[in-house]
Every structure is written in structure tokens, then in C-alpha cells.
Amino acid sequence: MTGDAVTRLRPLVDMDLPAAHALTAALRWPYRLEDWAFNLMLGEGLAAERGGRLIGTAMGWRYGPEAGTLGMVVVTDAAQGSGLGRALTAGVLDMLGKRSVTLHATAAGLPLYRKLGFAGLGLLRQHQGVAVAPASFVLPPGLQVPPLRAEDEPLLAALDRRALGMPRQALIRALLAIAEGVVLKREGEAIGFSLLRRFGHGELIGPVIAPDVEAAWALIAVWLGSHAGRFLRIDVPDEHGLSHRLVAHGLAEAGTGERMVRGVPPQGDGGVTSFALVSQALG
Ligand SMILES: CC(C)(COP(=O)(O)OP(=O)(O)OC[C@H]1O[C@@H](n2cnc3c(N)ncnc32)[C@H](O)[C@@H]1OP(=O)(O)O)[C@@H](O)C(=O)NCCC(=O)NCCS
């Protein structure tokens, strides 16, 4: 049911990207055309078309046979309230099959996702602003943060998988092609990493994968120092309590979202945790 007989749902393709970008620009979401293209390169989506115009989108990403994420759910103002958001989201859920699906919901999306069987897992905080370098940041003893090398990819993918409980090798590979990164090492052994890439209005820190909150802060502080005076964004789960430190370093809270899951939440195998997202769509 699409709420309109002449509304057609079909796969989202590269040629839709400028119109899709216009949908999120109308909402003042910061995605650039490149950010949309990155998402589509790694996933799949549905387009709602009426009279030759794109009026809605939804996308999904598969991380192995058991997990996935869903996002970029947008319906134009004029087309809202007639079942299109539900049809697009349900269509992407069909594409993702039996996978457990996580997403980050806006206030507008919450009622829809609840009706489709998603349950809340916790609050996400989006922080952004002009970065202020930490006044006197000293790495805890025994830790180093060397820049990452191309050959670190399998190591990073393994740490990411341990933290999130889902395999995201293709995502990590794609990120490494466009991101800078640092590895956190303790006595030569890699125990975490963080990446920074162009995204939206500036640059985005994420993912941040670390054994504990102090190590995560070290992996964030590196970027605050090297990118002081520049516009940075980071999306962090509330539960780790990083928000006050981010605010103190120029990254004000710009919004919140609700992390939700449909199915069994993917579980990392302990030891490392994800402290910042790649993006709200990609998880
Ligand atoms: C979220 C969004 C995609 C929903 O699109 P839509 O086409 O209006 O959604 P639908 O008409 O399919 O409605 C979905 C369901 O949510 C319900 N719903 C919507 N707003 C609601 C509200 N404020 N309170 C209770 N239920 C609500 C509808 O009644 C409907 O339920 P039903 O299918 O059982 O009747 C649309 O509002 C949008 O694009 N918002 C801006 C972008 C955004 O925030 N996207 C979500 C990203 S996570």
C-alpha cells in the first residue's frame, strides 16, 4: 500500500542520487552527494517515484547473513502521512530478510519504526562544532597512536567486528580509501582505532573502537588536536558519557536519535566497544 495508485516503488539507482540528495537537503540534513553515493555503493535501497519525481527513499546495508542496518528513510512533506514511509521501510526490511536490523531513529521516524517491530536500545547524541584542542592531553602510559597503514585493514576489520558483533569488512575497506586513521597500540599490540573523513559540513570522527572510555577519548583527542579550529562531527551513544568532554572541546550537541533494533541485537564478543558511529545510517 503506497497511499497513491500512481506511486511506484523500485530499486534506488545511481541516477537517483541528485534527487535523493535534494530530499535530504530539503530537511537540512548535511549529507553531500558524495555521502549518498558512498551509502549506495555499500548498500541497496528503494525509491518511491510519482509522476517521474523521486518522493521518497529508504536504504539498507547487509553485514553478513545475520545483521544489517537501515536508514536514509525520507518522504517529501507533501507525500507524508499516506503510508509511503511504512511501505519503503517494509520493502527494505524484506530485502534484508531474516537479519537483525539496527537503525538510528529521528523523532519523526520513531512511531513508524515502533509499529514495524523495532525496540529502543538507547540514546545517540550527535555533536558538532569547531574543534578545540585538548589543553594538555597526555596518552596513558604504555599507549601509542601511530597513523594507520594500508596493511592494517584486516586488523581494523577484526577489531570492528569484535566491537559490533557483525562483519563490516567491505565498509572498513571503503572507509580506508577515503579516511585518515590512527591505531591505538599497547606495547605494540593494536587494541583500537579511529577514523576521520570528509562528511556533511566538515569532517566526521568515526568509528571509534576502543577497549575503554579513556582509550576512546585518546582516539578522539588526537583528532581534536590535529583538527583544532575545523568543523568536526561525531555521533556517540549516550551510555559512554563522552558528551560533556565533547562539548568542552567545541563540539556542541546538535541533536539526538534513538538506537533501535528489530530482532536480536548483535553482540560484540567483549574487550572492545564502539564509542562513535561511522554514520547514523551505516551504524
Ligand atoms: C518518518 C517519515 C519517513 C514517515 O513517512 P510517512 O510516509 O509520513 O509515514 P507513513 O504515512 O507510512 O506513516 C507511518 C506510520 O507512523 C504513524 N505515525 C506517523 N507519525 C506519527 C505520530 N506522530 N504519532 C503516532 N503515529 C505516527 C502513522 O500513523 C503510520 O502508522 P500506520 O502505518 O499504522 O498507519 C517521514 O515523516 C519523513 O520523511 N520525515 C523526515 C525524515 C525523517 O525523520 N526520517 C526518519 C529517519 S530515521
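What the table shows:
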| item | result |
| --- | --- |
| In order through the range 70-82: 3J(HN,Hα) via Karplus (6.51 cos²θ - 1.76 cosθ + 1.60), integer Hz, x for Gly, Pro | 9, x, 6, 8, 9, 10, 4, 3, 5, 9, 5, x, 10 |
| From phi via Karplus (6.51, -1.76, 1.60), per-residue ³J(HN,Hα) for the range 34-49 in Hz, x at Gly/Pro | 4, 5, 4, 5, 4, 4, 6, 4, 9, x, 8, x, 10, 10, 9, 10 |
| Rounded Å value of the spacing that divides the Cα centres of the range 224-283 and the range 108-141 | 4 |
| Descending Cα extents along the principal axes, the chain, whole Å | 65, 37, 32 |
| Amide H partners (placed H, <5 Å) of residue 55, local residues excluded | 48, 49, 50 |
| Long-range HN-HN contacts of residue 191 with modeled amide H, under 5 Å | 184, 185, 186 |
| Förster radius 45 Å - calculated FRET efficiency between residue 149 and residue 252, Cβ distance, rounded to 0.05 | 0.85 |
| Three-way shape call for the range 9-48 based on the alpha-carbon gyration tensor, with the a/c threshold at 1.5 | oblate |
| 222 nm mean residue ellipticity, helices alone, for the chain (DSSP H n ≥ 4; -39,500 (n - 2.57); rounded to 500) | -8500 deg cm²/dmol |
| Given charges at beta-carbon only (K, R positive; D, E negative), |dipole| of the chain in Debye | 540 |
| Under-5 Å amide H pairs with residue 283, H placed in peptide plane, nonlocal only | 278 |
| Unit charges at the beta carbon, dipole of the chain: most positive-side option, 194, 89, 7 | 7 |
| About the Cα centre, charge dipole magnitude for the range 7-98 (Lys/Arg +1, Asp/Glu -1 at Cβ), debye | 240 |
| In order through the range 159-169: 3J(HN,Hα) via Karplus (6.51 cos²θ - 1.76 cosθ + 1.60), integer Hz, x for Gly, Pro | 5, 4, 5, 5, 6, 9, x, 8, x, 10, 4 |
| Candidates 103, 251, 139, ranked by Gaussian network fluctuation over the chain, Cα under 10 Å, top entry | 139 |
| Highest-MSF residue in the chain out of 79, 210, 48 [GNM, Cα springs under 10 Å] | 79 |
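Here, each number is a calculation from the coordinates, and none is a lab measurement. The shown structure was predicted, so the numbers you read here are calculated from the model rather than taken from an experiment. Methodologically, a virtual Cβ is constructed for each residue, glycine included, from the backbone with ideal geometry; neighbour enumeration extends over all protein chains shown.
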